Amino acid sequence: MTEKDDCYWMQQALLLAQQAAGMDEIPVGAVVVKDNEIIGSGFNQPISLCDPTAHAEIQALRNAANHIGNYRLNSATLYVTLEPCGMCAGAIVHSRIARLVYGATEPKAGVIVSQTQQLDKAYLNHKVLYQGGVCAEECSEIISVFFSRRRAEKKAHS
Ligand SMILES: [Zn+2]
């Protein structure tokens with residue numbers, strides 16, 4: 001048996017990001033993988049759910065915890081197309097996710113390497129391994145395409 005690689009799982013997260021775009025939400029997607037299997041998935045949908053916390057990561061963590069009947073996601077990996085924000089980084093620690101893999105960096109709101117190194121703080125009682133830049137071009141392109149399309153639509157309507 002060969003382990004599916006990070007790029008394979010990131011492609012699954014990208015498909016979810018496409019679903020977000022289809023609902024006019026900023027396209028970010030996430031999957032939780034354990035033992036070479038997806039146990040949870042989600043995409044960004046705060047507007048449609050009227051929920052400020054409905055980021056892709058939170059949706060995927062909730063989905064995974066529900067699925068396995070455990071609020072701890074030990075030895076699971078979270079794949080997300082964009083560098084997480086502060087809220088999501090906090091949730092990732094609480095969930096005990098073992099490893100975080102993200103695609104594009106988010107210079108404005110990202111807290112893994114961009115604004116701070118939140119997962120490296122000494123006070124944390126759980127260390128999350130992390131890696132960014134997986135399928136980074138596709139992950140950032142889906143967002144820039146989304147925003148340029150939205151700008152074009154706004155212009156067309158004004
Ligand atoms: Zn977030």
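Since every read-out is calculated from the coordinates, none of them should be taken as a lab result. These numbers come from a predicted model, not from an experiment. With ideal geometry, Cβ positions are generated from the backbone for all residues, glycine too; neighbour counts draw on all protein chains shown.
Brief remarks follow.
- Partner lysines whose Cα lies under 30 Å from the Cα of LYS121, excluding those fewer than 8 positions away in the same chain, are identified as LYS34, LYS108.
- Positive-end residue of ILE58, GLY22, LEU124, charge dipole of the range 1-154 with Cβ unit charges: LEU124
- Peptides 142-150, 77-85 ordered by packing proxy, namely the average of other Cβ atoms within 10 Å per residue, highest first: 77-85, 142-150.
- Where the Cα pairs of the range 15-94 fall when distances are cut into 5 Å bins, in %: 3, 18, 29, 26, 16, 7, 1
- Net dipole in debye of the chain [+1 Lys, Arg Cβ; -1 Asp, Glu Cβ; about Cα centre; nearest 20]: 400
- Dipole orientation for the range 12-149: of the candidates PHE43, SER144, ASN74, ASN74 has the Cα lying most toward the positive pole (charges on Cβ; Lys, Arg +1; Asp, Glu -1).
- For LYS155, the aspartates and glutamates whose Cα comes closer than 20 Å to its Cα, not counting residues fewer than 8 places off in the same chain, are ASP24, GLU25.
- Rounded to whole numbers, the Karplus 3J(HN,Hα) couplings from phi for the range 102-110 are 10, x, 7, 7, 10, x, 7, 10, x Hz, using 6.51 cos²θ - 1.76 cosθ + 1.60 with θ = phi - 60°, and x at Gly and Pro.
- Cα pair count fraction exceeding 22 Å, expressed as % - the chain: 38
- Distances between placed amide hydrogens fall under 5 Å for GLY40 paired with VAL32, all partners being 5 or more residues away or on another chain.
- Contact order for the chain, expressed relative to its length and based on alpha carbon pairs under 8 Å spaced 6+ residues apart, stands at 19 percent.
- With K and R counted +1 and D and E -1, the other residues having a Cβ less than 13 Å from that of GLN117 yield a net charge of 0.
- Think of it as helices only: each DSSP H run of n ≥ 4 in the chain is worth -39500 (n - 2.57), and spread over all residues that comes to -13500 deg cm²/dmol at 222 nm.
- In this simple spin-label approximation, MET23 and ALA156 carry label points 7 Å from Cα along the Cα→Cβ vector, and these lie 2.3 nm apart.
- The simple spin-label model puts a point 7 Å past each Cα toward its Cβ; for ALA109 and ASP5 those points are separated by 3.1 nm.
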